[in-house]
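Colleague: My structure is below; once you've seen it, I'll send some questions.
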Amino acid sequence: MAIDLSQFYQVFFEESKEHLQAFEQLLLNINVKNPDDNQLNAIFRAAHSIKGGSATFGFSDITAVTHVLESLLDKLRKKELVLQTEMIDVCLQTADVIKAQLQGHVDGQPANASIADAVSKKLMLFNGQAVSQNSNASNTELDDGFGFFDHAVTADNKTNQDDDFGLFEPLAIANKPKINKPAKPEKIAENRRAAKAMDRRSSDRLATDGIAENSSIRVDVGKVDQLINLIGELVITEAMLMQSLSDLPANILENMSTSISQLTRNTRDLQEAIMSVRMMPISNLFVRFPRLVRDLAGQLKKEVQLITLGEETELDKVLIEKIADPLTHLIRNSLDHGIESPKQRKALGKPEGGTIILSAMHQGGNIMIEVADDGVGLNSALIIEKAKQRGIAIPSSITDDSLWEIICQPGFSTAKNVTDISGRGVGMDVVNRNITEMGGQIQVMSNAGKGCTFSIQLPLTLAIVDGMIVSLGENLYVIPLNAIIETIQPQLDQLKSMTGGGNMVLTRDEYIPIIAMHLAFNTPTQITDLCKGMLVIVESHGKKAALFLDDLVGQQQVVIKNLETNFRKVNGISAATILGSGKVALIIDVPAMIKIGQNISAQTKTPVAASLHAAHGY
Amino acid sequence: MVAIRQAIDTNTEEFLTFTLGTETYGIEILKVQEIRSFEPATKIANTPDFIKGVINLRGNIVPILDLRIRFKLAEVAYNDFTVVIILNLDQRTIGIVVDSVSDVLALNPDQISPVPDLVASIDTKYLLGLATKDEQMLILLNIEQLMSSQEMALVDASDNATQ
């Protein structure tokens, strides 16, 4: 297994810096006498993310400190301890220590382990007896051993730059044995040998790199983002031009329309070209995981094989960075909770080694990333029991989706013991939130005893979406094209009114619930007769719904503008965009709409069904 | 002399004054980005009636609130004189609709008196104080506080978690 994690160190350093910054800011803003739960959760999550990242990259000194920190924060969050100003002070000191440790890894000169010990002890004082001395002792051990070896690793990185694929292995192995004292002569000798070998090979490599270097340039992401923004504006301007075309006299119109359609083509090409600059193969991300899986499996004494598929699938760089944390969580989760111990597996008649399959593929305008394991699957009985304990409402019929909703509640965990790896109950809510923020969806398919699959569906890019513009009353809305299956103008015999409330439409031998948008959005419109308007059939999470709207206006690429920048999240709306006219149109959040539809279906009955009845001549 | 002027400079604050019905209000001028005439906004479903919707402000999506509706004024008309004050608050840009904008006033702390508890339509915690201008009462709003309050429906609970 040849993995080079060093090329992601930079990302980890930057991410951790951001988390630390957020962590400090939250701590500084918190009201000590009456702390806000959300803030406590956010502080905890920041610490947790740093821990997760540092464990992935093997910076165990950071992991050790954050683990102690996290234990304290967890107690605060669960109200087992009362927040005191002194705690904030120590937490801030801890943040400084982590910062120093990070800087240490950046410079290749590990921070002094004694300062980490000092804050760990302070943290544990608040924590009470719960965190025993032995973890303290092991912390120091780890710090010493790794502190020394990290030095060597980073020093070698410098000579190799980024491209030391396959060169990393000897050192990684050399690192493995845990040693108490840094200065074991034979180890050092081993390291030196490895380092020498690397130097030699890397100099060979540099020679070939020289040629490759000419064909690519490093560009600041900010510049690419600026290009994408500009393209967005160009798309809007082009739409404006198209709109004003119709006002022109016929003779000019002809010339203009040919040149404008040329412009349209060019804009689209330009846009695709610029988008492709940001696209990166997902292998950049996947390569991080084999190490994680190996280390964790070793720690948990499990045998796990990680198979990655579809590594060449490309997606937006920003998305790759954002999906990293959620994916790490899912994989850790599969390892810890999913895959059983070799003994259990043998008893169940499964092969002793478990398998986790990590795959990526394109599906329409989306990308699908799956984490599948052949472990126990979701334990629905245990989940429901825990949910009852925590007072979470449990739906009458238990499906994978409803279990998933329970798992996604903040702080939910079925793990009996809180470990270094998982079980604190952060995670799934963060995973879900992160993915939803990216405009994606996550689905879980569990097969009790056979395994569990998490599927993440993500848009290819966050900047632009192909949309269908629809009208409702005096407003225009945009529905993402990839969510639309078809649009129909229903005939009377296709419509069925349900006794329990709501209407259904029969299309392609399937009954689909109708969501009357003017009722859901509380907007007055002239068209309330189902046969006079349009039904847009949309799908999300495998569920379909027919959105009842006035009319279709047209298809257009729209630039996604965040509504939350200056406003807040609105249920049923995912974002806003600016149309050719310069007016703002709202983009419909299809998954949310389908959910809303389930709630209001009872109310929709009256007016729409009334028109249906009237049409039937009742 | 120089010392005195410096003292004035550091202490006086400038306020933009505007009217809502018969009352005159003031907000810190440093929070004001620009003043525009009213243009119809895109309505957002299921929001309170005082949120008129969102507008396109040079490529940014900006929500517009009608303070007249929020403060339950009897007459709310939209004409050529209706004014939107675009505010810049803590990384957010929002617009408020008012009857008219009157003046910019420089006030030093002596001229601002504390708020008695009986100002009707607004909670006193959103007020900076009262001042007098041409023998008329001027209500100084803490616009930042007011706009970030739950009652303005501009923020929701989850915002606190992410920020």
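Colleague: Has the stretch A:353-365 got at least one residue that is in contact (Cβ under 8 Å) with a residue 24 or more places away in the chain, of a type outside the set (S, T, N, Q), surrounded by fewer than 14 Cβ atoms within 10 Å (Cβ to Cβ) and more than 30 Å from A:Ile484 (Cβ to Cβ)?
Modeller: Scanning the stretch A:353-365, I find no residue that is in contact (Cβ under 8 Å) with a residue 24 or more places away in the chain, of a type outside the set (S, T, N, Q), surrounded by fewer than 14 Cβ atoms within 10 Å (Cβ to Cβ) and more than 30 Å from A:Ile484 (Cβ to Cβ), so the answer is no.
Colleague: While we're here: I'd like to check which helices (runs of 4 or more DSSP H) are fully inside the stretch A:303-392 and have at least 1 residues that are over 30 Å from A:Lys78 (Cα atoms) and in contact with a Ser or Thr (Cβ under 8 Å, 6 or more places away or on another chain). Break it down stepwise before answering.
Modeller: On the way: elements: A:317-333, A:342-347, A:380-389.
Counting at least 1 such residues, we get A:317-333.
Colleague: Looking only at the stretch B:18-51, which residues are away from chain A (no Cβ under 14 Å), free of Cβ contacts under 8 Å to residues at least 40 places away in the same chain and of a type in the set (S, T, N, Q)?
Modeller: Result: B:Thr22, single match.
Colleague: Among what's in the stretch B:52-66 and is more than 8 Å from chain A (Cβ to nearest Cβ) and surrounded by fewer than 22 Cβ atoms within 10 Å (Cβ to Cβ), pick the residue that is farthest from B:Met152 (Cα to Cα). Working first, answer last.
Modeller: The initial filter retains those residues of the stretch B:52-66 that are more than 8 Å from chain A (Cβ to nearest Cβ), namely B:52, B:57-58, B:64-66.
Now narrow it down to the ones that are surrounded by fewer than 22 Cβ atoms within 10 Å (Cβ to Cβ): B:57-58.
Values: B:Leu57: 21, B:Arg58: 24 Å.
Ranking the candidates gives B:Arg58 first.
Colleague: Among the residues of the stretch A:402-411, is there at least one that is polar (S, T, N, Q), part of a loop (DSSP other than H, G, I, E, B) and at pLDDT 80 or above? So that I can check it myself, show each step before the final result.
Modeller: As a first pass, look at the stretch A:402-411 and keep what is polar (S, T, N, Q): A:402, A:409.
Now drop any that are not part of a loop (DSSP other than H, G, I, E, B), which leaves A:409.
When the remaining residues are screened for being at pLDDT 80 or above, the result is none.
Within the stretch A:402-411, none of the residues are polar (S, T, N, Q), part of a loop (DSSP other than H, G, I, E, B) and at pLDDT 80 or above.
Colleague: Another question about this same structure. List, please: which pairs have Cβ atoms under 9 Å, are six or more places apart or on different chains, and start with a residue in the stretch A:244-271 that is under 30 Å from A:Val224 (Cα atoms) and touching a residue at least 12 places away in the same chain (Cβ under 8 Å) and end with one that is among the small types (Gly, Ala, Ser) and assigned to a helix (DSSP H, G or I)?
Modeller: A:Gln271/A:Gly232
Colleague: Which count do you get for residues in the stretch A:527-555 that are surrounded by 21 or more Cβ atoms within 10 Å (Cβ to Cβ) and either touching a Lys or Arg at 6+ places or on another chain (Cβ under 9 Å) or more than 29 Å from A:Gln443 (Cβ to Cβ) (or both)?
Modeller: Selection size over the stretch A:527-555: 4.
Colleague: Within the stretch A:498-530, can you find the residues that are assigned to a loop (DSSP other than H, G, I, E, B) and within 14 Å of chain B (Cβ to nearest Cβ)?
Modeller: Those that are assigned to a loop (DSSP other than H, G, I, E, B) and within 14 Å of chain B (Cβ to nearest Cβ): A:Phe521, A:Asn522, A:Thr523, A:Pro524, A:Thr525.
Colleague: Looking at A:Gly53 and the list (1) in contact with a Gly (Cβ under 8 Å, 6 or more places away or on another chain); (2) surrounded by 23 or more Cβ atoms within 10 Å (Cβ to Cβ), which single condition is not satisfied?
Modeller: The single condition A:Gly53 does not satisfy is (1).
Colleague: Of all residues in the stretch A:484-510, count the ones that are within 20 Å of A:Val590 (Cβ to Cβ) and exposed (fewer than 13 other Cβ atoms within 10 Å of the Cβ).
Modeller: Matching residues across the stretch A:484-510 total 3.
Colleague: Can you tell me how many residues in the stretch A:443-497 are assigned to a loop (DSSP other than H, G, I, E, B), of a type in the set (Gly, Ala, Ser) and modelled with pLDDT under 85?
Modeller: Qualifying residue count for the region: 3.
Colleague: Next question. Could you tell me which residue of the stretch A:533-587 is nearest to the other protein chains (Cβ to nearest Cβ), considering only residues that are touching a Pro at 6+ places or on another chain (Cβ under 8 Å) and under 16 Å from A:Ser471 (Cα atoms)?
Modeller: Only one residue tops the list, namely A:Ile587.
Colleague: Out of curiosity, is B:Ser121 assigned to a loop (DSSP other than H, G, I, E, B), touching a Lys or Arg at 6+ places or on another chain (Cβ under 9 Å) and either buried (at least 16 other Cβ atoms within 10 Å of the Cβ) or at pLDDT below 80 (or both)?
Modeller: Against the criterion (assigned to a loop (DSSP other than H, G, I, E, B), touching a Lys or Arg at 6+ places or on another chain (Cβ under 9 Å) and either buried (at least 16 other Cβ atoms within 10 Å of the Cβ) or at pLDDT below 80 (or both)), B:Ser121 qualifies.
Colleague: Filter the stretch B:67-87 down to residues that are of a type outside the set (A, V, I, L, M, F, W, C) and either closer than 14 Å to B:Pro40 by Cβ or modelled with pLDDT of 85 or more (or both), then give me how many there are.
Modeller: 5
Colleague: When both residues are 6+ apart or on different chains and their Cβ atoms are under 8 Å apart, which pairs have a first residue that lies in the stretch A:567-581 and is closer than 13 Å to B:Ile61 by Cβ, and a second that is part of a loop (DSSP other than H, G, I, E, B) and among the hydroxyl-bearing types (Ser, Thr, Tyr)?
Modeller: A:Val570/B:Thr47
Colleague: Let me ask another. If you check B:Leu138, B:Leu154, which single one turns out to be at pLDDT 85 or above and surrounded by 13 or more Cβ atoms within 10 Å (Cβ to Cβ)?
Modeller: Only one candidate qualifies: B:Leu138.
Colleague: Check the stretch B:39-51 and report whether any residue there is surrounded by 15 or more Cβ atoms within 10 Å (Cβ to Cβ), under 18 Å from the mean Cα position of the chain (by Cα) and within 18 Å of A:Val478 (Cβ to Cβ).
Modeller: The answer is no; no qualifying residue exists.
Colleague: Moving on. Would you pick out the residues in the stretch B:71-85 that are in contact with a strand residue (DSSP E or B) (Cβ under 9 Å, 6 or more places away or on another chain) and more than 14 Å from every other protein chain (Cβ to nearest Cβ)? It would help to see each step written out before you state the result.
Modeller: So in the stretch B:71-85, the residues in contact with a strand residue (DSSP E or B) (Cβ under 9 Å, 6 or more places away or on another chain) come out as B:71, B:73, B:76, B:78, B:80-85.
B:Phe71, B:Leu73, B:Val76, B:Tyr78, B:Asp80, B:Phe81, B:Thr82, B:Val83, B:Ile85 - these are the residues of the stretch B:71-85 that are in contact with a strand residue (DSSP E or B) (Cβ under 9 Å, 6 or more places away or on another chain) and more than 14 Å from every other protein chain (Cβ to nearest Cβ).
The values are calculated or read from the model by the stated rules, or taken from the named source; none is laboratory data. All figures in this text were calculated on a predicted structure; none of them were measured in a lab. All Cβ positions, glycine included, derive from the backbone under ideal geometry; neighbour counts span all protein chains shown.
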